[in-house]
């Protein structure tokens with residue numbers, strides 16, 4: 001059975017805006033969709049525009065805000081729990097995109113989390 005350990009780094013003032021159980025359920029469905037069957041651990045961070053811009057500038061050499069960034073972990077052979085990596089979501093950018101697309105904030109953040117996870121699983125834009 002697939003088990004996901006989800007470590008969250010969410011500012012206290014945003015915790016009540018996100019349904020963590022729903023997000024975890026969507027992430028598990030994404031793992032299953034990609035036939036992932038190992039136990040896994042994932043770190044998810046909701047960050048500010050300043051933080052996401054700094055990460056984007058450092059790692060992608062793009063001095064701009066983005067909605068989501070993913071950083072994978074080096075895999076250790078025979079590890080019982082696969083460390084997937086880190087997903088960073090810009091809360092204000094997610095909120096803006098939700099409004100532009102007439103989505104709920106929850107739906108947009110879930111989409112971005114799953115999109116980031118797909119990148120960690122090796123799926124990339126075509």
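Count the DSSP beta bridges whose two residues both fall in the chain, then state the antiparallel fraction as a percent rounded to the nearest 5. The antiparallel proportion sits near 25 percent. Computed over the chain, relative contact order equals 27 percent, with contacts defined as Cα pairs under 8 Å that lie 6+ residues apart.
State the Cα centre-to-centre distance between the stretch 54-73 and the stretch 1-46 in whole Å. So the two Cα centres are separated by 20 Å.
Using only alpha carbon positions, build the gyration tensor of the stretch 4-120, then give the equivalent ellipsoid semi-axes as the square roots of 5 times its eigenvalues, largest first, whole angstrom.
Details: eigenvalues 108, 63, 30 Å².
For the stretch 4-120, the semi-axes come out at 23, 18, 12 Å.
Site pair residue 107 and residue 76 shows an inter-label distance of 4.1 nm when each label is modelled 7 Å from Cα along Cα→Cβ. From least to most packed, judged by other beta carbons within 10 angstrom and beginning with the fewest, 10, 5 follow the order 5, 10. Any chance you could give the angle, 0 to 90 degrees and rounded to 10, that helix 49-60 forms with the longest Cα principal axis of the chain? Result, in degrees: 60. Here the extension length gained between residue 123 and residue 19 equals 34.9 nm, from 0.36 nm per residue of separation less the Cα-Cα distance. Against the chain, whose longest principal axis comes from its Cα atoms, helix 91-100 is set at around 70 degrees. Each peptide in 103-115, 49-61 gets a packing score, the mean of other Cβ atoms within 10 Å over its residues, and the list from highest to lowest is 103-115, 49-61.
Values quoted throughout were computed directly from the atomic coordinates according to the rules given, and no laboratory measurement underlies them. Given the structure is predicted, the values throughout are model-derived calculations rather than measurements. Ideal geometry is used to build each Cβ from the backbone, glycine not excepted, and the neighbour counts take in all protein chains shown.
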